[in-house]
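The values are calculated or read from the model by the stated rules, or taken from the named source; none is laboratory data. Values in this document were obtained by computation on a predicted structure and should not be read as measured data. Cβ: placed from backbone, ideal geometry, glycine included. Neighbour counts: every protein chain shown. When the accessible area is computed, the model is the full protein with side chains, heavy atoms only, and any ligands, DNA or RNA have been set aside. Shrake-Rupley method; radii C 1.70, N 1.55, O 1.52, S 1.80 Å.
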There are 2 protein chains.
Amino acid sequence: MASPSSDSRALYEELLKSSRELGLLGSCAAVLGWDEQTYMPPGASSLRGDQMALLAGIQHDRGTDPRLGELLENLHDSSLAAELDSIESANVRQLRRDYARRIKLPRALVEDLARTTSLAQQEWVGAKHASDFARFRPWLDRVLALKRQESACLLECLEDRRDGLGNEQGSEGAATIYDPLLDEYEQGARTARLRVVFGDLRESLSPFVKQIAEAGGMRNPGESVLRRRFPIDRQRVLAESAAAALGFDFQRGRLDVTEHPFCTGIGSGDVRVTTKYDERRFDDAFFSVLHEVGHGLYEQGLPTESWGTPAGESVSLGVHESQSRLWENFVGRSRSFWSYWFPVAHRTFHDALHDVTLEQFLGEINRVEPSLIRIQADEVTYNLHVLIRFDLELALLSGDLATADLPEAWNAKYAETLGVTPANDAEGCLQDVHWAAGLIGYFPTYTLGNIYAAQLYARATADLPGLEAGFARGESADLLAWLRDKIHRQGRRYAPTDLIERAVGGPIDAAPLMAHLRRKYGELYGLSSSPAPGDGPGASQPR
Amino acid sequence: MASPSSDSRALYEELLKSSRELGLLGSCAAVLGWDEQTYMPPGASSLRGDQMALLAGIQHDRGTDPRLGELLENLHDSSLAAELDSIESANVRQLRRDYARRIKLPRALVEDLARTTSLAQQEWVGAKHASDFARFRPWLDRVLALKRQESACLLECLEDRRDGLGNEQGSEGAATIYDPLLDEYEQGARTARLRVVFGDLRESLSPFVKQIAEAGGMRNPGESVLRRRFPIDRQRVLAESAAAALGFDFQRGRLDVTEHPFCTGIGSGDVRVTTKYDERRFDDAFFSVLHEVGHGLYEQGLPTESWGTPAGESVSLGVHESQSRLWENFVGRSRSFWSYWFPVAHRTFHDALHDVTLEQFLGEINRVEPSLIRIQADEVTYNLHVLIRFDLELALLSGDLATADLPEAWNAKYAETLGVTPANDAEGCLQDVHWAAGLIGYFPTYTLGNIYAAQLYARATADLPGLEAGFARGESADLLAWLRDKIHRQGRRYAPTDLIERAVGGPIDAAPLMAHLRRKYGELYGLSSSPAPGDGPGASQPR
């Protein structure tokens, strides 16, 4: 193959410069977004909407500059992009995809979405505090109308794409209104495919939850030692200690308090996570910190030298979530992790834990219990929360479900799936910020993340035999190094499914997730350890 | 006069839209600037420099768009701009001035300044902590070189301008390299004029300081009750209570902690002040909060409906400083203010204040004492700190003083002017952030602010006879309303000197400042109350 001409090298440099400038604009908006959730005074809300709209508009203008299109077309056909595995070709390929999507969106829509979701999030905070869905509903209608427009604009970009779970698209019919939004978060994923995978998962999970319930798993939550008094200042110290021990670099990040925990990667040197403390819910903040720190470790591990280009970006929300869930659950809720940290917690919270044993504590932090709040849910029922939201947002977006009927539909789904009913909308359909923020198509990536996490963790423990023994000594640097190598440093060079396949040596598969749950909770709840039918390799694939 | 054509009305609306967008971009940069000083992790510093440079570059591009020049030329000649006192004509006039300045500056210089001052401020923090001027010096050289370039670009914009202190320019010779920078902060002010005014002020102040010293004013600072232990959490409560009582709206603002206190007006609904607490220096944080709140009240009082246009902007740094100094000193250090607040402070800091009387306390917060740190200086010596910086930055900018010689020159000036010598550069030439931030020409506006504040306060007490009796009841809403009316709501409709003249009913005059100092400190230090020669009206004018 001919070596790339100096011409295409110059074009490529011009392309990267433009990409970095777009990245910089996005990072400015990320600072403003973080500020909005953390410290911004209420009186700033309408100005903040205008600021976000302006930045989104400028980003859109620059990102749809015809010169960018020219560069991409020229480079697409150049020898520089021909080497499929090179960073250059990945950058050109991904920037071309982003450009193709961007030029479909009118600037006015982009600005409107930025402004509306900024304002809607602020209204959501107030509506949630007042548990008043009616107050939020007009904002949800506005967001949905804009997202439908966005989807319609993006629909044709989906053609000729490979399905995100490893299959060619087409067999399950034409793309739906949900697909273009889903594709934004999980490149290549498709609704029809998710319905099948999630349907299978539901079929495995529901009887397993029942089995645990029958084994006497569901005790009175009021009794939990985790509901004793855990002073917030000490919770903060323990959470920050654990975060630092897992490798989160506070020189390049922070931890703050917000209504809804999140992580934002402004740059690899500026990664900010948040949590929410409740004196009577130790597990809330602690595990949400581990979760967000998992996201943060990914962001801090992205290759700094490629910042502002696809090679320096995270690949998808599903893969992002695999990192947060891996640290939160596979590490943070494990016996080996607490072999080290329980004595520390014991000293930190003497009043609450003096009469509690490690066994009791492990039982409590892994208690399986159908509940109302997703981010407080245990590992087993968690995905059922996600599946409910997936069904509902599909119906909302398509118009099959009117927003007026959302609270009732939400409550019915919870009753049917988990056997619990919210007392009000704050613990029902107002609990999550996502819809206010315009994040439609985002929820399913949580369950994809759990599936990926189980596959990655299974592979990591095979590759690193002393891993869990290390956790028991407070050491997890090997696992972080493994993830840095397999995932973080790869940026967005490969499609999400390709990246996972390269890391684990096989296709996407929900079996390791079910196997992990059956093994761990079978032990905790004294269930028969024989695998259920359909848990073998490939079991999550359609029958 | 013909009514404005609908054509020029449309052009005017286009002009305002462009102005508001520039305002929005500036406000995004203001959020990032605030974040940089408050919560940004250290690892973000180089990215933050790039972000600031990009925003400055975009702002510059939009602010120098030839279309904007066309609009301004058309509107300048239109009937809309002919009514000199109208908001429309003020907006056109001021935007035309800003545009004329902006098009002189190359984009590369603007970006370089934004990036360099962002990085230099971070280096300054480290250098100050280490008290290591050598570490900061290359950054100061870079900043000075860029500011010299900026000045050279802007020099010709100064021609045909009215002097900022009420006289036509020309009599004191050609504009200097310092003038264009000064004009940025205090429109119309000129170096030659300031030299005269400041020279006179120094001549009045120096003997007065000596007189106080001879009256036994300078006791051992170690003895002050203000150096007892004042728990920081309670300092915060008292400072925030006082801020709220003076009218600072925390729904539209915040108070945070930074290395160097400041106020940033992101919008009239988003005004953020900062302070720095020291358990052993009660007066530091308390009066810096009143000071920054004074700035904040101005920002919160700007007309919201004109946001993003000159009519909605503060008029100059000198006028801004008049607001901060007025609340800090004329209100906050007065007997009447503490008649109300001392009992509160007494209850808040029982250990530190239980044996202290109001008289003692007033003596302490008004103790006159030549000192090293400007922002800790008393009202009497404060302006001498400013005059030192004014002399030094003139010499640095012109090249008469090499940066290598700055620490020595600084220390010599302090020894000569105030009779004290810094033990190190942290309490010497590294104490202020201004030069790192590129704020050359900024310091003199502090003394102008003191002069304006004294004039405004004298007028307000004449207009509102019960004012000080109100302070003693914890009430100051009348004063705020007066300032809102005379200053805040006027935005940038008039030149700084014109605005002050309209408010006080006479020309700029330093006599009220000296009269205030002689009256207040004459009483506190038992000096003869007869005015010194040269304190009459117009005394600060050149002889």
*Can you find a residue in the stretch B:59-75 that is within 21 Å of A:ARG272 (Cβ to Cβ) and either crowded, with 19+ Cβ neighbours inside 10 Å or within 24 Å of the chain's Cα centre (by Cα) (or both)?*
no
*Within the stretch B:361-413, can you find the residues that are polar (S, T, N, Q) and over 21 Å from B:ARG137 (Cα atoms)?*
B:ASN366, B:SER371, B:GLN376, B:THR381, B:ASN383
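Yes or no: B:ARG115 open to solvent by 40 Å² or more (accessible area, probe 1.4 Å), closer than 18 Å to B:ALA437 by Cα and within 14 Å of chain A (Cβ to nearest Cβ)?
Numbers: open to solvent by 40 Å² or more (accessible area, probe 1.4 Å): yes; closer than 18 Å to B:ALA437 by Cα: yes; within 14 Å of chain A (Cβ to nearest Cβ): yes.
So B:ARG115 fits the description; yes.
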*Mind checking which residues of the stretch B:468-501 are in a helix (DSSP H, G or I) and open to solvent by less than 10 Å² (accessible area, probe 1.4 Å)?*
B:GLY470, B:PHE471, B:LEU479, B:LEU483, B:HIS488, B:PRO496, B:THR497, B:LEU499, B:ILE500
*asked:* Filter the stretch B:19-65 down to the residues that are within 7 Å of chain A (Cβ to nearest Cβ) and of a type in the set (Phe, Trp, Tyr) and list them by number.
replied: B:TYR39
*Looking at A:LEU84, A:LEU80, A:LEU25, which is the one that is farther than 16 Å from B:CYS28 by Cα and crowded, with 17+ Cβ neighbours inside 10 Å?*
A:LEU80
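Can you tell me how many residues within the stretch B:1-26 are more than 17 Å from B:VAL110 (Cα to Cα) and in contact (Cβ under 8 Å) with a residue 24 or more places away in the chain? First the steps, then the outcome.
Taking the stretch B:1-26 as the starting set, the residues that turn out to be more than 17 Å from B:VAL110 (Cα to Cα) are B:1-21, B:24.
When the remaining residues are screened for being in contact (Cβ under 8 Å) with a residue 24 or more places away in the chain, the result is B:1-5, B:8-9, B:11-12, B:14-16, B:18-21, B:24.
Matching residues across the stretch B:1-26 total 17.
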*Please enumerate the residues belonging to the stretch B:276-304 that are farther than 23 Å from B:ARG229 by Cβ, open to solvent by 10 Å² or more (accessible area, probe 1.4 Å) and under 15 Å from the mean Cα position of the chain (by Cα).*
B:HIS291, B:GLU292, B:HIS295, B:GLU299
*Specify the residue that is farthest from B:SER224 (Cα to Cα); the eligible residues are those in the stretch B:316-330 that are open to solvent by 10 Å² or more (accessible area, probe 1.4 Å) and among the hydrophobic types (A, V, I, L, M, F, W, C).*
B:LEU317
*Only residues that are within 13 Å of chain B (Cβ to nearest Cβ), open to solvent by less than 20 Å² (accessible area, probe 1.4 Å) and assigned to a helix (DSSP H, G or I): list them for the stretch A:244-266, please.*
none
*Could you list, in sequence order, all residues of the stretch A:256-275 that are over 18 Å from the mean Cα position of the chain (by Cα) and aliphatic (A, V, I, L, M)?*
A:VAL257
*How about the stretch A:57-143: which helices (runs of 4 or more DSSP H) wholly inside it have at least 1 residues that are under 30 Å from A:ALA44 (Cα atoms)?*
A:87-102, A:107-129
_Unique residue being modelled with pLDDT under 95 and more than 11 Å from chain A (Cβ to nearest Cβ) when the list is B:LEU15, B:LEU68, B:LEU80_ = B:LEU80
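Could you please find all residues in the stretch A:331-345 being in contact (Cβ under 8 Å) with a residue 24 or more places away in the chain and open to solvent by 10 Å² or more (accessible area, probe 1.4 Å)?
Taking the stretch A:331-345 first, the residues in contact (Cβ under 8 Å) with a residue 24 or more places away in the chain are A:331-341, A:344-345.
Those that are in contact (Cβ under 8 Å) with a residue 24 or more places away in the chain and open to solvent by 10 Å² or more (accessible area, probe 1.4 Å): A:ARG333, A:SER334, A:ARG335, A:SER336, A:SER339, A:TYR340, A:TRP341, A:VAL344.
Taking the conditions exactly as written (under 21 Å from the mean Cα position of the chain (by Cα), open to solvent by 10 Å² or more (accessible area, probe 1.4 Å) and free of Cβ contacts under 8 Å to residues at least 24 places away in the same chain), does B:ASP463 satisfy them or not?
Numbers: under 21 Å from the mean Cα position of the chain (by Cα): no; open to solvent by 10 Å² or more (accessible area, probe 1.4 Å): yes; free of Cβ contacts under 8 Å to residues at least 24 places away in the same chain: yes.
It is false that B:ASP463 is under 21 Å from the mean Cα position of the chain (by Cα), open to solvent by 10 Å² or more (accessible area, probe 1.4 Å) and free of Cβ contacts under 8 Å to residues at least 24 places away in the same chain.
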*Mind listing whichever residues of the stretch A:271-289 are within 14 Å of chain B (Cβ to nearest Cβ) and without any contact (Cβ under 8 Å) to a residue 60 or more places away in the chain?*
A:VAL271, A:VAL273
*asked:* For the stretch A:1-58, give me the residue count where each residue is small (Gly, Ala, Ser) and more than 24 Å from A:GLY265 (Cα to Cα).
replied: 8
